[in-house]
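The values are calculated or read from the model by the stated rules, or taken from the named source; none is laboratory data. Just so you know, these numbers come straight off a predicted model, no measurement behind them. So basically every Cβ, Gly included, is an ideal-geometry build from the backbone, and we count neighbours across all protein chains shown. Note: areas computed on protein heavy atoms with side chains; ligands, DNA, RNA excluded. Shrake-Rupley method; radii C 1.70, N 1.55, O 1.52, S 1.80 Å.
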Amino acid sequence: MNKFNSRKLRLRTTLVVPFILQLITTVSLVGYLSFRNGQKAVNDLANQLNNQISSRIEQHVINYLNKSQNTLLLTYMSIKSGNFSIEDFTGLRRYFWQIVNKGDFEGYISYGNEQGEFIGVEYQDDGTVQLKIRTKATYPLRETYVLDQEGTPDKLLNTSNYNTVTRPWYQAAKQAQKPTWSEIYPFFSRKNTVLGISPVYPVFDKNNQMLGVLCINIRLSQITDFIDNLFISNNGQSFIMERSGNLVASSKIPQPFQVLGEGDKRTIERISALKTDNIVIKAMAEHIIERFGSFNTIQDNISLKFQVNKAWYYGQILPIQDGRGIDWLTGVIVPETDFMEQIHKNNQNTIILCLIALGISVIIGLRTSYWITNPLLRLAKASQEVAKGNLDAKVYPSVIKEVAILSDSFNEMTYQLKELLEALRLANEDLENRVQQRTQQLSAEKERSEQLLLNILPAEIADRLKRDESPTEHFEEVTILFADIVGFTSLSAQIPPMELVAGLNQIFSAFDELTEKA
């Protein structure tokens, strides 16, 4: 019985455990849904942010590059309108000086012709303006002068070998035969080597023969400065690369190239996005190749999600194209942790609040179960006492209405049971008394019947009858005595029955004694 009862669940456990399990399930579900919704919101927000940043970079680069193209177009139109002649280097110097002398429009504008002549005006970082010129008179050297406040050569700084027609920008224009862009190449003439690119505008005569090329040198470091100052997120970064994978600019890589050699033999080695030490850019480039096969296949804005050292990153890749030869890709990368940090904090706060609510609910549940189970436990103990025979056990009222009704019913039941048992006890006592009296009566009647039987029959025969044995006996030879009492009929009418029976008994006893003597 105890073993069977040990398998039963306690009422408190039955009430509290499902309640707690339900709360834990609810809290877990709320936390999970909160995390999933937060993660989905992060995905949407990251894609929107990356899309916005990449669009801003594209717009800035296009505007920055178009400015130089428009400058060349205006210069070309001025030449075509006859404002000055491309053969007049003095006029070109003055015009170029007007463009660059403030340093806030263009940094370096130049012109070279098929004869190898060259003239260029460049704004320096120290605020001075330099003239670089190569004519038939200076061949094969290019002279560098400092220009005064009027744009007039003031001081010769240096001379160097220079071949105009072999320069990358000149070759690009000659090959395209239309306004275009040069390849990215290094600017060694500056204090620090930087990468640059040149918009070029070929100039033709009336016979459509190329006379020379207008050129503006653009330092790509200015684009680097822009994307470096463009805030994305705490750990976000952006970059620009060519379709070949070579980096053009990066917010995390100040110099996306390596200088090899010294002096006039200096060359550069471009850094590829697939081989950079920046593991995040490298991982994104590898993900693009793995997914699309080549950088050339990307023609639209594409959102990416990739993993680096078990950490997730959101990426956006967007083509930058100006229709004149610029065909780059801009990438924006944001680590998921920059967004999920606040989400994790919110989830932690949610979990903490849920745990607090769970704790409060458990306390309330335990208290409620105590209010319910404690009266029922008292009722159960009282029932056990009643089962043991203690009908004086009582259950005190409960604050819960239904339990109070049950307690009152139990008390009423025990009271009625007690009265019933008392009535049964009294009935049993009365029955026992009656049985005892009846037994005594039966004993008296038995004695009287036995005495009467002995009065009629011999004791031996009477004993046989009482033992349910046959009273008859078999004898081989018997003698029968017939006797008649004269006047017995009138005598029996005159004397009482008992005296009559006693008289007969004496007679029969005398006959028996005589028989035994015979």
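What the table shows:
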| quantity | calculated |
| --- | --- |
| Hey, S78 among the small types (G, A, S), touching a strand residue (DSSP E or B) at 6+ places or on another chain (Cβ under 9 Å), in a helix (DSSP H, G or I) and touching a residue at least 12 places away in the same chain (Cβ under 8 Å) or not | no |
| Which numbered condition S198 misses (of (1) under 60 Å from the mean Cα position of the chain (by Cα); (2) modelled with pLDDT of 90 or more; (3) surrounded by fewer than 19 Cβ atoms within 10 Å (Cβ to Cβ)) | (3) |
| Residue check, F295 surrounded by 13 or more Cβ atoms within 10 Å (Cβ to Cβ), within 28 Å of N235 (Cα to Cα), touching a Lys or Arg at 6+ places or on another chain (Cβ under 7 Å) and not hydroxyl-bearing (S, T, Y) | yes |
| Among residues of the range 191-213, those that are in contact with an Asp or Glu (Cβ under 8 Å, 6 or more places away or on another chain) and not in a strand (DSSP E or B), counted | 1 |
| Condition broken by V165, with the remaining ones in (1) open to solvent by less than 30 Å² (accessible area, probe 1.4 Å); (2) assigned to a helix (DSSP H, G or I); (3) of a type in the set (A, V, I, L, M) satisfied | (1) |
| Near pairs, Cβ below 6 angstrom, 6+ apart or cross-chain, from the range 318-332 (touching a residue at least 12 places away in the same chain (Cβ under 8 Å) and over 14 Å from L304 (Cα atoms)) to any residue that is part of a strand (DSSP E or B) and of a type in the set (S, T, N, Q) | I320/T330; R324/T180; G325/T180; D327/Q321 |
| Residue that is modelled with the lowest pLDDT [pool: residues in the range 241-271 that are polar (S, T, N, Q) and part of a strand (DSSP E or B)] | T267 |
| Candidate set from the range 466-518 (those that are among the β-branched types (V, I, T) and assigned to a helix (DSSP H, G or I)); member that is modelled with the lowest pLDDT | T515 |
| Selection count where residues are open to solvent by 30 Å² or more (accessible area, probe 1.4 Å) and in a helix (DSSP H, G or I), scope the range 321-337 | 1 |
| Residues of the range 340-365 classified as in contact (Cβ under 8 Å) with a residue 40 or more places away in the chain and open to solvent by 80 Å² or more (accessible area, probe 1.4 Å), total | 2 |
| All positions within the range 58-75 that are in contact with a helix residue (DSSP H, G or I) (Cβ under 8 Å, 6 or more places away or on another chain) and either free of Cβ contacts under 8 Å to residues at least 24 places away in the same chain or open to solvent by less than 10 Å² (accessible area, probe 1.4 Å) (or both) | V61, T71, T75 |
| From T337, T368, residue being touching a residue at least 40 places away in the same chain (Cβ under 8 Å) and more than 32 Å from the chain's Cα centre (by Cα) | T368 |
| Output for the range 251-285, where each listed residue is over 19 Å from Y185 (Cβ atoms) and open to solvent by 90 Å² or more (accessible area, probe 1.4 Å) | K252, K275, D277, I279 |
| Residue match in the range 386-403 (condition: polar (S, T, N, Q), closer than 30 Å to F511 by Cβ, surrounded by 10 or more Cβ atoms within 10 Å (Cβ to Cβ) and at pLDDT below 75) | no |
| L318 being assigned to a helix (DSSP H, G or I) and out of contact with any Phe, Trp or Tyr (no Cβ under 8 Å at 6 or more places or on another chain) | no |
| Every pair of residues 6+ apart whose Cβ atoms lie under 6 Å, when the first sits in the range 161-177 and is under 15 Å from Y201 (Cα atoms) while the second is among the acidic types (D, E) and open to solvent by 80 Å² or more (accessible area, probe 1.4 Å) | P168/E183 |
| Pick from the range 214-240, criterion free of Cβ contacts under 8 Å to residues at least 12 places away in the same chain and in a helix (DSSP H, G or I), ranking: least open to solvent (accessible area, probe 1.4 Å) | D225 |
| Filtered residue count, the range 367-380, keeping only those that are in contact with a helix residue (DSSP H, G or I) (Cβ under 6 Å, 6 or more places away or on another chain) and more than 25 Å from T414 (Cα to Cα) | 1 |
| The range 102-129, residues that are open to solvent by 30 Å² or more (accessible area, probe 1.4 Å), polar (S, T, N, Q) and in contact (Cβ under 8 Å) with a residue 12 or more places away in the chain | Q115, T128 |
